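Colleague: Before we start, here is the structure in question, set down as structure tokens.
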């Protein structure tokens with residue numbers, strides 16, 4: 001059993017808690033930051049538990065990687081299924097841009113539904 005030290009704040013004794021160290025070199029991308037915001041707003045217990053266990057940043061980095069891979073895969077699959085090719089890009093650039101924007105929006109929505117806001 002660890003010895004717990006306390007500090008007095010007014011009439012209360014507050015335990016001196018030290019969080020376990022986490023990876024300092026983890027950089028989160030768009031998806032990891034979105035999931036972090038979601039946890040803070042909607043899943044506070046999960047956020048606090050991961051933080052207290054020293055696992056929050058690694059968890060968010062894993063979500064970020066998974067979400068980016070899913071996004072890239074979905075875009076490639078949709079491009080192939082819908083015939084959005086480099087040939088179309090050369091032939092009609094505006095149509096290619098519109099269709100790619102549509103594909104990216106749908107892929108973003110799927111990733112958010114399946115990983116980020118879940």
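Colleague: To the nearest 500 deg cm²/dmol, what mean residue ellipticity at 222 nm is calculated for the chain from DSSP H runs of n ≥ 4 alone, each contributing -39,500 (n - 2.57), summed and divided by the residues?
Modeller: -21000 deg cm²/dmol
Colleague: Another question about this same structure. Between 31, 57, 96, where does the largest GNM mean-square fluctuation fall for the chain, given springs only between Cα atoms within less than 10 Å?
Modeller: Largest GNM mean-square fluctuation: 96.
Colleague: For the chain, modelled as a GNM with alpha-carbon contacts under 10 angstrom, which of 13, 102, 25 fluctuates the most?
Modeller: 13
Colleague: Gaussian network model of the chain, Cα springs within a sub-10 Å range: biggest mean-square fluctuation belongs to which of 29, 101, 54?
Modeller: 101
Colleague: Does anyone have the angle between helix 44-53 and the longest principal axis of the chain? Alpha-carbon axes, 0 to 90°, nearest 10?
Modeller: Approximately 70 degrees, to the nearest ten.
Colleague: While we're looking at this one, here's another question. Please list log₁₀ I(q)/I(0) at q = 0.10, 0.15, 0.20, 0.22 Å⁻¹ for the stretch 20-118, using the Debye equation with identical point scatterers on the alpha-carbon positions.
Modeller: -0.38, -0.67, -0.93, -1.04
Colleague: So for the chain, averaging the separation of alpha carbon pairs under 8 Å that are six or more residues apart and normalising by length, what relative contact order in percent results?
Modeller: 24 percent
Colleague: On a 0 to 90° scale, report how tilted helix 30-42 is relative to the longest principal axis of the chain, with both axes built from alpha carbons and the result rounded to the nearest 10.
Modeller: 50 degrees
Bear in mind that the values in this text are calculations on the coordinates, not laboratory data. Model, not experiment: these values are computed from the prediction.
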